[in-house]
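One structure is given here, and the rest of the page talks about it.
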Amino acid sequence: MKNTYLIGYFPLISIILFSLSFAIFSEMQALVVLKNIGIYDGMLEFFSDAGIKLALLLAMFLLYFMLFAALKLVSDTILELSLLFFSKDSEGENLKNIRLGSAIYLLGGVVSLLCVQSFLLVCAVFLITTIIAFIYFVYKISNTLSTAGLIGLIFFHTILWSIIVLTITYSMLKLYNSVIASLPM
């Protein structure tokens, strides 16, 4: 069966798998923190152990799901904008050619579920999956790009994602410093 929409649900499943991986790890760490500061025993008076774990898992899952869904939206926008600027393809064939790249993220999501014991491992799986997907993307569209277009596309993605990551990192550091500075000492 050959249908162009057959793999249309892969991005959603990938987002769910990566969100679940990060949520499971975050839930385990949140439980440790709650137990260390003594809140967990008080929570057990009102909720069951399974209820607390499930509520934490759902909250973390929703948080990561929203993060990855937003990243997917930004990624698709950057991808199509780069194709607009650098590709010779005006019919949208490039978008059809790169759709199978979502299977890379699906496989990465499955692997990330096997690595939930380590946050760095899950992050590494996500990063490696992203790099492999980018290489696949460049490979699949390289035949419709000139050499200058290919270089421009790679730099466009690299610079835009670097700016996004650096802006978020800077904002988080500023927020952290503001919170630390406002604490009474």
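The values are calculated or read from the model by the stated rules, or taken from the named source; none is laboratory data. All of these numbers come straight from a predicted model, not from anything done at the bench. We place every Cβ from the backbone using ideal geometry, glycine too, and count neighbours over all the protein chains shown. For accessibility, only protein heavy atoms count, side chains too; no ligands or nucleic acids. Shrake-Rupley method; radii C 1.70, N 1.55, O 1.52, S 1.80 Å.
Pick out the one residue from Leu20, Leu34 that is within 18 Å of Leu120 (Cβ to Cβ) and either among the acidic types (Asp, Glu) or surrounded by 16 or more Cβ atoms within 10 Å (Cβ to Cβ) (or both).
Leu20
What tally of residues in the stretch 24-47 results from selecting those that are in contact with a helix residue (DSSP H, G or I) (Cβ under 9 Å, 6 or more places away or on another chain) and of a type in the set (S, T, N, Q)?
Count: 2.
So the check is Cβ under 7 Å with 6+ separation or different chains; which pairs have a first residue in the stretch 157-172 that's in a helix (DSSP H, G or I) and a second one that's of a type in the set (A, V, I, L, M)?
Taking only residues 6 or more apart or on different chains, the pairs are His157/Ile78; Leu160/Ile78.
As an exercise: evaluate Leu6 against (1) closer than 30 Å to Glu93 by Cβ; (2) in a helix (DSSP H, G or I) and give the number of the one condition it does not meet.
Going through the list (1) closer than 30 Å to Glu93 by Cβ; (2) in a helix (DSSP H, G or I), Leu6 breaks only (2).
Of these, Leu57, Leu71, Leu12, Leu67, which one is touching an Asp or Glu at 6+ places or on another chain (Cβ under 9 Å) and open to solvent by 30 Å² or more (accessible area, probe 1.4 Å)?
Only one candidate qualifies: Leu57.
May I ask you to say which residue of Ser90, Ser112, Ser82 is more than 30 Å from Ser146 (Cα to Cα) and either of a type in the set (S, T, N, Q) or in contact (Cβ under 8 Å) with a residue 24 or more places away in the chain (or both)?
Matching residue, one of Ser90, Ser112, Ser82: Ser112.
Of all residues in the stretch 26-52, which are under 17 Å from Leu113 (Cβ atoms) and of a type outside the set (S, T, N, Q)?
Hits for the stretch 26-52 are Glu27, Met28.
When the residues of the stretch 118-161 are filtered to those that are crowded, with 17+ Cβ neighbours inside 10 Å and among the small types (Gly, Ala, Ser), which remaining residue is nearest to Met28 (Cα to Cα)?
The extreme case among them is Ala133.
Can you pull out the residues in the stretch 74-84 that are surrounded by 15 or more Cβ atoms within 10 Å (Cβ to Cβ) and farther than 15 Å from Asn94 by Cα?
Ser75
Which of the residues spanning the stretch 111-135 are more than 11 Å from the chain's Cα centre (by Cα) and more than 14 Å from Phe22 (Cβ to Cβ)?
Within the stretch 111-135, Ile128, Ile131, Ile132, Ala133, Phe134, Ile135 meet the criteria.
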